[in-house]
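Remarks on the structure that follows.
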Amino acid sequence: MASQLSRIMRPDDANVAGNVHGGTVLKMIEEAGAIISTRHCNSQNGERCVAALARVERTDFLSPMCIGEVAHVSAEITYTSKHSVEVQVHVMSENILTGTKKLTNKATLWYVPLSLKNVDKVLEVPPVVYSRQEQEEEGRKRYEAQKLERMETKWRSGDIVQPVLNPEPNTVSYSQSSLIHLVGPSDCTLHGFVHGGVTMKLMDEVAGIVAARHCKTNIVTASVDAINFHDKIRKGCVITISGRMTFTSNKSMEIEVLVDADPVVNNFVKRYRAASAFFTYVSLSPEGKSLPVPQLVPETEDEKKRFEEGKGRYLQMKAKRQGQAETQA
């Protein structure tokens, strides 16, 4: 099963650098994934449901997209477990004046079907038909790996970003930022909880503010590490999206983004961690060339620990890219 969305990029889709906002691309990716997974989960007779985003695997921004180009977002279901759907998405940009097309993004998303009668109830997923037996085995391995990684992120659920008075430049406190947003009907599905794409767009905006404050230049999203959605955000909640720098290499910045939801109209539900992710940004000159990044100065023991963890992720991904390049050569 596959589907495709297409949309021309408008000026209000642009970031300050003049390219299409990374959050806009993430939102389109999620919309395509939600459509195809919801269709699949309702393809058989039974209780009606809507597919909710649970996780986005690492996605790289391979090429910038410009205003006036057409984004073609294609989605395909590649694996189903008993209660989840894996969707792989490709984004192509098309220059409609020249006909030139290029791949800008690849992403893997996981959805779970929620009952329309009770959105807290997860339903079973109809099985998908595989063209090769190996596809099912490979998909099962990806499913087990993402399930384990989701469990590992829950230990940080109590971690919060605290403001600091008069922070020094290049420190974590200097660039950390927060955005507070009241969830309205336009942010939500017809069933009263927030679209995953809306949350991702807000997360990218906050990460971009952190990156710009740190380096004082134009910045663009280079990649997003796995985005984990720990719990649904309902209409009427106040959400706080907080971002802080965790690691810098010579030319990139890793930013942790945390989303906390506060059901202000419900005294029986406490504030909770709704989503978390790591975004990687790069600094660009006015000509669009990569610039060196000011080195982050971690001050506290927690900041030093997060820096080392970020360094480990950076080195691991660097080694993976080098291995892929050697294989292709």
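Couple of notes before you dig in:
- Looking across G236, G288, one residue alone is in contact with a strand residue (DSSP E or B) (Cβ under 9 Å, 6 or more places away or on another chain), modelled with pLDDT under 90 and at positive phi. It is G288.
- Per the conditions (1) surrounded by 15 or more Cβ atoms within 10 Å (Cβ to Cβ); (2) acidic (D, E); (3) out of contact with any Phe, Trp or Tyr (no Cβ under 7 Å at 6 or more places or on another chain), the sole criterion not satisfied by E86 is (3).
- Contact map, the stretch 190-204: residues that are closer than 15 Å to K235 by Cα paired with residues that are part of a strand (DSSP E or B), Cβ distance under 6 Å, separation 6+ or inter-chain. Pairs shown: H191/V50; G192/R234; F193/R234; V194/C188; G196/L53; T199/A275.
- In the stretch 11-36, residue surrounded by the most Cβ atoms within 10 Å (Cβ to Cβ) [restricted to those that are more than 18 Å from M200 (Cα to Cα) and among the small types (G, A, S)]: A17
- Top-ranked residue of the stretch 137-180 - restricted to ones that are among the small types (G, A, S) and within 24 Å of M245 (Cβ to Cβ), ranked as modelled with the lowest pLDDT: S157
- Per the listing L62, L116, L103, L148, the residue uniquely closer than 17 Å to L26 by Cα, of a type outside the set (K, R) and open to solvent by 70 Å² or more (accessible area, probe 1.4 Å) is L62.
The values are calculated or read from the model by the stated rules, or taken from the named source; none is laboratory data. In this text, all values refer to a predicted model and were calculated from it rather than measured experimentally. No Cβ is skipped: glycine too gets one built from the backbone with ideal geometry, and neighbour counts run over all protein chains shown. Accessible surface is based on the protein model in full, side chains and every heavy atom, while ligands, DNA and RNA are left aside. Shrake-Rupley method; radii C 1.70, N 1.55, O 1.52, S 1.80 Å.
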